[in-house]
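This report refers to the structure that appears directly beneath it.
The values are calculated or read from the model by the stated rules, or taken from the named source; none is laboratory data. What you are looking at is a predicted structure, and each value in this text was computed from that prediction instead of being measured. Methodologically, a virtual Cβ is constructed for each residue, glycine included, from the backbone with ideal geometry; neighbour enumeration extends over all protein chains shown.
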Amino acid sequence: MRKEMVFGFGIMALILAPTVLFTPWTHLTNGNLGLLMLSLVVVAIMLGFPTAFTLMGMGVFFAWLYYRSINPAIAAQQVLDLFVQRSYGVMSNDVLIAIPLFVFMGYLVERAALIERLFKSLHLALARVPGSLAVATIVTCAIFATATGIVGAVVTLMGLLAFPAMLRAGYNIQISAGAVTAGGCLGILIPPSVLLIVYGATAGVSVVQLYAGAFFPGLMLALLYVGYVVLLAKWRPSLMPPLSAEDRKVALPGFAQALAPRGSNALFGLARALGGTAGVPGRTVLGQLTVSLLPVLVIGGIVWTTYWVATAPVEKTDTSGLVEAGGLVAADTGDADKSEGLVGVQEPDEKAEGAAQPLGLPPGAEEEKKASADPAAAGPAAATPSPAAKAPASAKSAPAAVQDRLPVPGWFWVVLGIAAAITALVYALWSWERLEVFKLLLASFFPLAIMILAVLGSIVFGLATPTEAAAVGAFGGFVLAAIYRYVAHSRAVSAGPGQGSVGWMTIRELGSIVKDSTFLTAKTSAMVCWLFIGSAIFSAAFALLGGQEVVENWVLSLGLTPIQFMILAQFIIFVLGWPLEWTEIIVIFMPIFVPLLPKFGIDPLFFGLLVALNLQTAFLSPPVAMAAFYLKGVAPPHVTLNQIFAGMMPFMVIQVIALALLYVFPEIGLWLPSVVYGR
């Protein structure tokens, strides 16, 4: 019997044995039925039954058992009513509209051959870095993850592009497989992650804040991967041999070959050529010089923006009239701050231990929130109205006071010095080869980066909802696909005339790309929506049977502190990542964990970031390890599944380290949401 099957059946035995031994079969209660349903659904999924329909079937059957115990005459009707109500609740969830749009954007980018040019340009740009091919693979995966978030698409495409290139360069099979699979799984965490949308819709947490919070943890994990590869390449060069001079060579165009003998620095050579050089048109020189000056223009723009933000005056607006006109009633938000998802409205438990300071929030944030909601609790000074508060109501719309710009802070000069040093270093190394590599990056990396920054920036800074930004991103992906395919066909026609009209070939190929992307988007979106419907019915049946109450009472009886509960929850999720995929863990177990968070004073946003980082293991941990199977499907025949599994193990250890860093330093994930949204 295969090792994977032995492992799987062993996990099922560990689940079924306690269920059979500790279930009081002679006097079953509803709570016992709920736990039995939870055990059976995990085993059924591990046996290969479709997740969504397994959840639906279990939910309908056990809900019928519950209603039958109350009133058998109308049990079937009540179950059907529950099915319809929960299905309609999923259909009316606006957040889920962003999923097909983001998925469509990802498939368009994947099929437009953008990533092939990106990998080639990054490979040349990082040629002198130890383990350059593996580093270029991880960086390409991270960039591609921000454009798609579809793990299967990233791993499969990089398995076709980067994996054979690393093997041809003499790279170790395990290292090559680990770089492709681990880098491909970054789409689980890095926005626009579908997992974050699913978690936000399940737990009732703002997807916008989840995106803001996941940005730096995703960047941290990618940097840890790169750091591991670079250190391993320096320590054991035999695993990742340096690229040969032939592989690092960049072909120079005609103008560069004509100007190169006059100096190795491309910037100075182009500046001297402005006066007129035989054989090189002035328009060509001016265009190449403009391209060469782009780095200093970008760095200057960043420095100027930093200065403008750092010295912006603080506008003070007189809001005393608003207090007099509306009072505390106008300031009361009521239920506006309650989160609602598949788990229902979350009521904070003020009696629970640790509820005074939610885990993951900055110190004093909860007290400050209470003081703003109840001035009387903040002391006599806060409860006594100020003279400004007694001003007439007509003063409430007084304009903001105009102030001079603030003095330049000391840290700005440090930023300016670093920017100047980077600029000097860039242009000191600005050879003719690096100019060509920069042009390759300019054509492959920057258009995609601008689209990604526009989509994610509009979400994070509140310029658009995730659904609106996803629609713009899908249109941007369509435009990029059209441009890149048009350029590719133009070059093909110029290289071999008589192949047909460039416009017609582009339209025909673009139609095929859109058709395939639409089909795959519909397939993926249908899977996610059916999972949500199945999860909604399953969680409703679990709540009816009192399973949530049984779990809650058991956890609270352990007397855990918030930190101990957090470690226990993340350990359970880590273990569940071995036999289950992230979709099943989110839709089945998050409705069980999330209602417990207020009992321990844990911020659901921080918990979601830990879960997203933890669930990276769901794609890298055998026996499921879908990333390994994606790579095996496109790898050469001599690459075995065990070699791929062995290559993924070091990256799983890095994921655990990243999880510990995020837990110890929650500001990694909470700093950006606190700055942008004032959490």
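Please enumerate the residues belonging to segment 226-285 that are closer than 26 Å to G178 by Cα and basic (K, R).
Across segment 226-285, the qualifying residues are K234, R236, R248.
Restrict the check to segment 250-258 and report whether at least one residue is of a type in the set (A, V, I, L, M), assigned to a helix (DSSP H, G or I) and at pLDDT 80 or above.
yes
Evaluate the following for L239: is it assigned to a helix (DSSP H, G or I) and modelled with pLDDT of 80 or more?
Considered against the rule, which asks whether it is assigned to a helix (DSSP H, G or I) and modelled with pLDDT of 80 or more, L239 comes out as no.
Before we move on, is A233 closer than 30 Å to F532 by Cβ, part of a helix (DSSP H, G or I) and not β-branched (V, I, T)?
The answer is no for A233.
Of the residues A260, A273, A222, A266, only one is touching a helix residue (DSSP H, G or I) at 6+ places or on another chain (Cβ under 6 Å) and more than 26 Å from S121 (Cα to Cα); which?
When all the criteria are applied, what remains is A273.
Taking the condition of being touching a helix residue (DSSP H, G or I) at 6+ places or on another chain (Cβ under 9 Å), in a helix (DSSP H, G or I) and free of Cβ contacts under 8 Å to residues at least 12 places away in the same chain, how many residues in segment 554-563 meet it?
0
Got at least one residue in segment 197-205 being under 24 Å from V460 (Cα atoms), touching a Leu at 6+ places or on another chain (Cβ under 8 Å) and modelled with pLDDT of 90 or more?
Checked against the condition, which is being under 24 Å from V460 (Cα atoms), touching a Leu at 6+ places or on another chain (Cβ under 8 Å) and modelled with pLDDT of 90 or more, segment 197-205 yields no hits at all.
Conditions tested, residue by residue: (1) modelled with pLDDT under 80; (2) within 30 Å of V472 (Cα to Cα); (3) outside any helix (DSSP H, G or I).
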| site | (1), (2), (3) |
| --- | --- |
| V6 | yes, no, no |
| P24 | yes, no, yes |
| N32 | yes, no, no |
| L80 | no, no, no |
| S87 | no, yes, no |
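Of these, S517, S525, S490, S512, which one is surrounded by 20 or more Cβ atoms within 10 Å (Cβ to Cβ) and part of a helix (DSSP H, G or I)?
None of the other options fit; the residue is S517.
Kindly provide the set of residues from segment 93-138 that are of a type in the set (G, A, S), at pLDDT 85 or above and in a helix (DSSP H, G or I), ordered by number.
Passing the criteria: S132, A134, A136.
Could you identify the single residue in V229, V198, V154 that is closer than 22 Å to A658 by Cβ and out of contact with any Phe, Trp or Tyr (no Cβ under 9 Å at 6 or more places or on another chain)?
V229
Search segment 585-598 for residues that are free of Cβ contacts under 8 Å to residues at least 60 places away in the same chain and pair each with any residue that is assigned to a helix (DSSP H, G or I) and surrounded by 24 or more Cβ atoms within 10 Å (Cβ to Cβ) when their beta-carbon atoms are under 7 Å apart and the residues are at least 6 apart or on different chains.
Here the result reads I585/L615; I585/A618, each pair linking segment 585-598 to a residue that is assigned to a helix (DSSP H, G or I) and surrounded by 24 or more Cβ atoms within 10 Å (Cβ to Cβ).
Taking only segment 665-679 into account, find how many residues are modelled with pLDDT of 90 or more and either loosely packed, with under 15 Cβ neighbours inside 10 Å or over 18 Å from the mean Cα position of the chain (by Cα) (or both).
2
If I go through segment 421-466 residue by residue, how many of them are over 30 Å from Q257 (Cα atoms) and without any contact (Cβ under 8 Å) to a residue 12 or more places away in the chain?
5
Go through segment 248-266 residue by residue and tally those that are over 43 Å from the mean Cα position of the chain (by Cα) and of a type in the set (K, R).
Qualifying residue count, segment 248-266: 1.
Based on what the data block shows, is P295 part of a helix (DSSP H, G or I) and out of contact with any Cys (no Cβ under 8 Å at 6 or more places or on another chain)?
Yes: the conditions hold for P295.
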